[in-house]
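Below is one structure, written out as C-alpha cells; comments come after it.
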Amino acid sequence: DNAVSFYGDAEQAGIRTPPQRHCVFMTFDLTTSSRTELQTLLATWSAASAQLMRGATIGQVEPSQPSAIGDDTGEAVDLDPASLTVTIGLGPRVFGDEYGLAAQKPPLLRELSQLPSEALDPSLTGGDLSVQACADDPQVAYHAVRSLARIGKKLGAASTRWTVTGFGRASAGKGQSTPRNLMGFKDGTRNIVDDADFSQFVFTGDGPDWQRDGSYQVVRKIQMRIENWDTDRVSDQNRVFGRHKLSGAPLTGTVESDTPDFSKTDASGAPVIDPTAHIRLAAHENNNGLKILRRGYNYTDGINQYGFLDAGLLFISYQKDPAQFETLQRRLGSSDALNEYISHIGSGIFFVPSAARSGTYLAQGAFA
Ligand code: HEM
C-alpha cells in the first residue's frame, strides 16, 4: 500500500521522498527542562509517528471504558496512509546546557544570521522542535501534527509555537512533473534529484550514527503580494524569474528542461536573462556550484486585515550546512527582482537527525 516506513538505516523520510501533495509544518517550544522528559517526548513522538505513517491509530478512538478520553482523535480513521511522512527536527536550544546535550550538538547547528530584506515576525520564528507532516491527503497530514501536539501537551514537554498549512506542493522530486507556485510559475524545475547531489549537498555524511544521515532544515514563511503580482505584465513576470510562465522554459530556451544560458545577449547587447532575475542569482553556475534541496508548499491564510489576499510559499530547504541557504539568501535578499513581491515573515532552523533505526527512537544516540 502507500505507506512509508518511519524506521530506516539512512535519513528520515520526507526529505528525499518525492513531495506529497500537502504539508502541515509546526514548530514547538520545549516546556520542560528535564533531560528525561525530553527523551520521553522523542521516544513517544517516534513511536506515534511510526504508527501514523503505517496508517494506524495511536490507540483507541472509543475506549472500552466509557469514562475514558480517546487516545486517538479519530479523524484519520478509514483514510489510507496517503504516503504520510513525519519528519522531526531539533532546534538549537535542544543542545544548550539545559539538557546536558551541549557536547552532542550537531557541529553546524546555530541560529541563522540576519539576512537582507527579511521582516521576520517573532511569533512566526524560532522553535525548539519542528514537525513536517506531508501526505497526499490533507486530513492525514493534519491528524499527524495534531496528534504529536497532543502528546507534547499531555507529557507537559512541548507546546505549539507557529505553524503553516501547505495546500499544494511547489517543488518537484525524482520522476514528478513540476507543479506551480501561487505566482503561476513552475517551481522545482532545477532541484536536487540525483543521489550523488543528495550526498554532496543535503546529508551531513559524518559524525555519530544518529547525525550521519542528518540534514539541516531551513524553513521560511514567505508572504507574496499576489494582488500586486497579478497586475504586473506577464513579460515583466517572466523577467523577474528569467523563465516563461506557461512552459517553464528559461528565457534563453524553448522547453522547461533547457539549461539556462546566462551569457546570452539580445540584439542590443543586454543579457536575455536579466541580472536581477531569480534564477540567475540562485543558479549553481553562478554560486560556485552551490545547491540546496527545495521542498516547498503553497499556503494561504485567507484575507489579511486590509482585505488583501494573504498567501505565499512555505519554503523548506535541506542542506548539509545552513551556510548554503544563507549564501543564496544573502544574494537573493539584496538583488532579486522578486523582492518587490515577497517578504520573508517567518523562519526556523533545525537539525533533522538520521532516521530512527528499528527498535530505537529519534536521536537516541545523543542520550547514550
Ligand atoms: C528557482 C520561485 C524563493 C532558491 C526557482 C524557480 C522559481 C522559483 C519559479 C524556477 C524554477 C526552478 O528551477 O525551480 C521562488 C519563489 C520564491 C522563491 C516564488 C519565494 C516566494 C527562493 C529562496 C531560495 C530559492 C528563498 C533560496 C534561498 C532557488 C534556487 C533555484 C530556484 C536554488 C534554482 C535556480 C536554478 O538553478 O536555475 N525559484 N523561489 N528560491 N530558487 Fe526560488
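Only the coordinates and a few stated rules stand behind these numbers; no lab work does. Here the structure is a predicted model, which is why all the values come from computation and not from measurement. Note that each Cβ is placed from the backbone with ideal geometry, even for glycine, and that neighbours are counted across all protein chains shown.
Taking K and R as +1 and D and E as -1, what net charge do the other residues with C-beta under 12 Å from the C-beta of L309 add up to?
Taking every Cβ under 12 Å from that of L309, the sum is -3.
Quick one: if you stick a label point 7 Å off each Cα along the C-beta vector at E227 and T73, how many nm between them?
For E227 paired with T73, the spin-label model returns 3.2 nm.
Among the aspartates and glutamates, which have Cα under 13 Å from the Cα of K174 when same-chain residues fewer than 8 positions away are ignored?
Partners found: D194, D195, D197.
Where the centre of each part is set by its Cα atoms, how far does the stretch 153-209 sit from the stretch 249-272, in angstrom?
The two parts, judged by their Cα centres, are 28 Å apart.
Using the 10 angstrom Cβ neighbour count as an exposure proxy, how do V255, V218, V202 rank, fewest first?
V255, V218, V202
Rounded to the nearest 0.05, what FRET efficiency do A368 and D194 have when you use their Cβ-Cβ distance and R0 = 35 Å? Mind dumping the intermediate values first?
Details: r = 34 Å, r/R0 = 0.97.
FRET efficiency, A368 to D194: 0.55.
As a check on your grasp of the helix formula, calculate [θ] at 222 nm for the chain: sum -39500 (n - 2.57) over DSSP H runs of n ≥ 4, divide by the residue count, round to the nearest 500.
The per-residue figure over the chain is -6000 deg cm²/dmol.
Enumerate by residue number the trypsin sites (Lys or Arg not before Pro) in the stretch 162-244 meeting two conditions: DSSP loop (anything except H, G, I, E, B), and at most 15 other Cβ atoms within 10 Å of the site's Cβ.
Loop-located and lightly packed - K174, R233.
Say R0 is 25 Å: what FRET efficiency, to the nearest 0.05, do D321 and S263 get from their beta-carbon distance?
Efficiency at R0 = 25 Å is approximately 0.30.
By DSSP, what percent of the beta bridges with both residues in the chain are antiparallel, rounded to the nearest 5?
The answer is about 95 percent antiparallel.
If you rank S171, S113, S67, S159 by fewest surrounding Cβ atoms within 10 Å, what's the result?
S67, S113, S159, S171
How big is the charge dipole of the chain about its Cα centre, in debye rounded to the nearest 20, if each Lys and Arg gets +1 on its Cβ and each Asp and Glu gets -1 on its Cβ?
340
My understanding is that a pair violates if its Cα-Cα distance is over 28 Å; which of K105/K153; K221/K264; K186/K291 do that in this structure?
Check vs 28 Å cut-off fails for K221/K264.
With charges set only on the Cβ (+1 for Lys and Arg, -1 for Asp and Glu), what does the dipole of the stretch 1-146 come to about its Cα centre, in debye to the nearest 20? Intermediate results must be reported in sequence, preceding the final value.
Numbers: 8 positive and 19 negative charges, 83 e Å.
With Lys and Arg at +1 and Asp and Glu at -1, about 400 debye.
Treating the Cα atoms of the chain as identical point scatterers in vacuum, please give the log10 of the normalised Debye intensity I(q)/I(0) at q = 0.07 Å⁻¹, two decimals.
Values returned for q = 0.07 Å⁻¹ are -0.31.
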